Amino acid sequence: VLDSISADAQWKGLGGLWSPFIEQKKDTFSAAANAYNTAVSANRTVAATGLGYATTWGASEFQLNARRDADSDYGPNTTGALSYAYLLTPALRAGVSTGTSYRTPTLEQLRGYYGSTSLSSENSRNNEASLSFLQKGTEARVVYYTNTYENLISSAASSTSCSAGSYCWYNVNRASVEGATVSAAHTVGRVRLTGSVDVLNPRNNVTGKYLSLRAQQVVVLGAEMPWNDWVLGAEMQDVGANYDNAANT
């Protein structure tokens, strides 16, 4: 069970838009004893504060964000991001961004049958460059990204890291994911067609092996159309092969 309360505001001044917020979360996890789990009753709280600033100078767009999370189990952590975009033409936009992120294990990943109370929080640095096109019902976007991780929270279907047996959650000391995504959408009459191709290289930077349970190619095709007060849609997804374990066997 996740209970949360938050408050946010927006203020225009000093040449841009300011967006402060505060947030309080309480996460509760309870599980009765069964063949796979001992009885579990645990909770934790997270208090977060953040501030965003966005401004436009001519054809340039800037955005700066900062956030601080105070976790009752993992303590405080501060993250931030900076992005810049330039309108090359009214329809064509180029952008770059860099930032840090932070993720703690869920209570189920910590306390559940396949979890481990020794899991560490995950920290990462993320860089991205993109080129977007938008004009008359047609959208297209190309993104190149590199993400580097410390203590990546990963999972395996079969690994020597798994004390529980056939499946577990565990940390990868140092990892990286480098990839590119090409996506597009086009409206024909009342039908909106969408598609994307994602190609990535997910690596354990210590062993050089591929990260477990992470495909290197994902293709998604979709279509949707309005129908009275509804939207009808269908999607097909093709996910490439991946390794069950960290050893890539």
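The values are calculated or read from the model by the stated rules, or taken from the named source; none is laboratory data. Predicted, not measured: the structure shown is a model, and the values here were computed from it. Every residue, glycine as well, gets a Cβ built from its backbone with ideal geometry; the counts of neighbours run over all protein chains shown. Remember, those area values only see protein heavy atoms, side chains included, never the ligands or the DNA or RNA. Shrake-Rupley method; radii C 1.70, N 1.55, O 1.52, S 1.80 Å.
With the Cα gyration tensor of the stretch 1-91 in hand, give its eigenvalues times 5 under a square root as the equivalent ellipsoid semi-axes, listed largest first in whole angstrom. Walk me through the intermediate numbers first.
Values: eigenvalues 320, 48, 25 Å².
Taking √(5λ) for each eigenvalue gives 40, 15, 11 Å, largest first.
How compact is the stretch 64-174 by the rule of thumb for globular proteins, expressed as Cα Rg over 2.2 N^0.38 Å? Walk me through the intermediate numbers first.
On the way: Rg = 18.9 Å, N = 111, 2.2 N^0.38 = 13.2 Å.
Scaled against compact globular proteins, the figure is 1.43.
Quick check: residue separation of Thr117 and Ala33 times 0.36 nm, minus the Cα distance between them. What number comes out in nm? Present the calculation step by step, with values, prior to reporting the outcome.
Details: separation 84, 0.36 × 84 = 30.24 nm, distance 1.77 nm.
Result for the pair: 28.5 nm of gain on full extension.
If Rh is defined by the Kirkwood formula over all Cα pairs and Rg also comes from Cα, what ratio Rg/Rh do you get for the chain? Let's see the in-between values first.
On the way: Rg = 21.5 Å, Rh = 21.3 Å.
My calculation puts Rg/Rh at 1.01.
Counting Lys and Arg as +1 and Asp and Glu as -1, each charge on the Cβ, what is the dipole of the stretch 46-158 about the Cα centre in debye, to the nearest 20?
Working: 8 positive and 9 negative charges, 60 e Å.
The dipole magnitude comes to about 280 debye.
Let me know the shape class of the stretch 106-249, please: from the alpha-carbon gyration tensor, a ≥ b ≥ c as square roots of the eigenvalues, rounded when a/c is under 1.5, otherwise prolate if a/b is greater than b/c, or oblate. Numbers along the way, then the final one.
On the way: a/c = 2.55, a/b = 1.89, b/c = 1.35.
In terms of gyration-tensor shape, prolate.
Compute the signed sum of charges (Lys and Arg +1, Asp and Glu -1) over the other residues within less than 14 Å, Cβ to Cβ, of Ala215.
Working: positive: Arg203, Arg214; negative: Asp198, Asp238, Asp244.
Here the charged neighbours net out to -1.
With charges only on Cβ, +1 for K and R and -1 for D and E, what is the dipole size of the chain about its Cα centre, in debye, rounded to 20? Kindly include the intermediate steps, with their values, before the conclusion.
Values: 18 positive and 20 negative charges, 71 e Å.
Computed about the Cα centre, the dipole is about 340 debye.
At R0 = 45 Å, how high is the FRET efficiency between Val188 and Thr56 if r is their beta carbon distance? Nearest 0.05 is fine.
Details: r = 33 Å, r/R0 = 0.73.
The value I calculate is 0.85.
Students often check this: by mean Cβ neighbours within 10 Å, which of 6-17, 48-59 ranks highest, and how do the rest follow? Intermediate values should be presented prior to the final figure.
Details: 6-17: 10.5, 48-59: 14.2.
By packing density, highest mean first, the sequence is 48-59, 6-17.
Tell me, what is the FRET efficiency for Arg68 and Trp11 to the nearest 0.05, using R0 = 22 angstrom and their Cβ-Cβ distance as r?
Values: r = 19 Å, r/R0 = 0.88.
That gives a FRET efficiency of 0.70.
Got a number for the accessible area of Phe21? Probe 1.4 Å, square angstrom, nearest 10.
Roughly 60 Å² of Phe21 is accessible to a 1.4 Å probe.
About the Cα centre of the stretch 39-106, how large is the charge dipole given +1 on each Lys and Arg Cβ and -1 on each Asp and Glu Cβ? Please answer in debye to the nearest 20. Walk me through the numbers on the way to the answer.
Values: 5 positive and 4 negative charges, 11 e Å.
The dipole of the stretch 39-106 has a size of about 60 debye.
Taking the Cα centre of the chain as the origin and placing charges on Cβ (Lys, Arg +1; Asp, Glu -1), which of Gln24, Tyr167, Val231 is farthest toward the positive end of the dipole?
Selected residue: Gln24.
I'd like to know which of Thr79, Ser154, Gly58 lies farthest towards the positive end of the charge dipole of the chain, counting +1 on Cβ of Lys and Arg and -1 on Cβ of Asp and Glu.
Gly58
Describe numerically, in nm with one decimal, the distance between label points set 7 Å from Cα along Cα→Cβ at Lys26 and at Val239.
With each label placed 7 Å out from Cα toward Cβ, I get 3.5 nm.
Order Glu23, Glu150, most accessible first, counting only protein heavy atoms with a 1.4 angstrom probe.
Values: Glu23 45, Glu150 110 Å².
Descending accessible area places them as Glu150, Glu23.
Could you report the accessible area of Glu224 in Å², rounded to 10, computed with a 1.4 Å probe on the protein chains as they sit in the structure?
Number for this one is 80 Å².
At 10 °C and a viscosity of 1.306 mPa s, what translational diffusion coefficient does Stokes-Einstein give for the stretch 183-240, taking Rh as the Kirkwood radius over Cα pairs? Give it in µm²/s as a whole number. Please list the in-between numbers first.
Working: Rh = 13.6 Å.
D, rounded to a whole number, is 117 µm²/s.
Within the chain, what whole-number % of the accessible surface is contributed by carbon and sulfur, with the 1.4 Å probe and all protein chains included in the calculation? Don't jump to the answer; show the numbers that get you there.
On the way: 8450 of 15180 Å².
So the carbon and sulfur contribution to the accessible surface is 56 percent.
Any idea what the relative contact order of the chain is, in percent, if you count C-alpha pairs under 8 Å spaced at least 6 apart? Can you show the working numbers first?
Values: 630 pairs, mean separation 24.8, N = 249.
About 10 percent, as a whole number.
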